[in-house]
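Below: one structure, written as structure tokens.
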Amino acid sequence: MRKDDRYDAFYETYANEVHRISGKSADDPRITDLMEQEPLRRAYRDGVDPLALAAHFCHEHGHTERFPTYESYFTAFANELKRFAADTAQLSGWLAKADPARINSSFECGVHPRLAADGYYRFVSQR
């Protein structure tokens, strides 16, 4: 892939995920297509995960998907954490050590499970 192709893939991943999390229909225009591109280019150059960036953008703007139960939220959290795990044993270990009260707090506060998983991953990585 050329450098521009990699940015285009980053942008499309980000834009489509913002659209999905925001609950927009396929017919709705993507809000990201109207945004200034330089901050996204900077995020791309800095190696920011486009999926985490999309969840963060939606959280900041109050457009985040809702999970009806803690169990559905925890499942989404575990699926997001899986993206960081080298294997299923590592994922199982992380999940066994995760604090259910903190995850529940994120659930109750409406924090996207991707952001909760990202925060937890950063926490366990620094240990």
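Nothing in this text is a laboratory measurement; each read-out follows from the coordinates by a stated rule. Bear in mind the structure is a predicted one, so any value in this text is a computation, not a measurement. Neighbour counts are summed over all protein chains in view; Cβ atoms, including those assigned to glycine, are modelled from backbone coordinates with ideal geometry.
Would you please classify the overall shape of the chain from the alpha carbon gyration tensor, given that a ≥ b ≥ c denote the square roots of the eigenvalues, rounded means a/c under 1.5, and beyond that prolate means a/b larger than b/c while oblate covers the rest? Taking the square roots of the gyration eigenvalues as a ≥ b ≥ c, the chain is oblate. Projected onto its three principal axes, the C-alpha set of segment 70-125 covers 29, 20, 17 Å, listed from the longest axis down. Peptides 47-57, 61-71 ranked from most to least packed, by the mean per-residue count of other Cβ atoms within 10 Å: 47-57, 61-71. From the Kirkwood radius over Cα pairs of segment 3-60, Stokes-Einstein at 25 °C and 0.890 mPa s returns a whole-number translational diffusion coefficient of 213 µm²/s. Around the Cα centre of the chain, unit charges on the Cβ atoms of Lys, Arg, Asp and Glu (plus for the first two, minus for the last two) sum to a dipole of about 440 debye.
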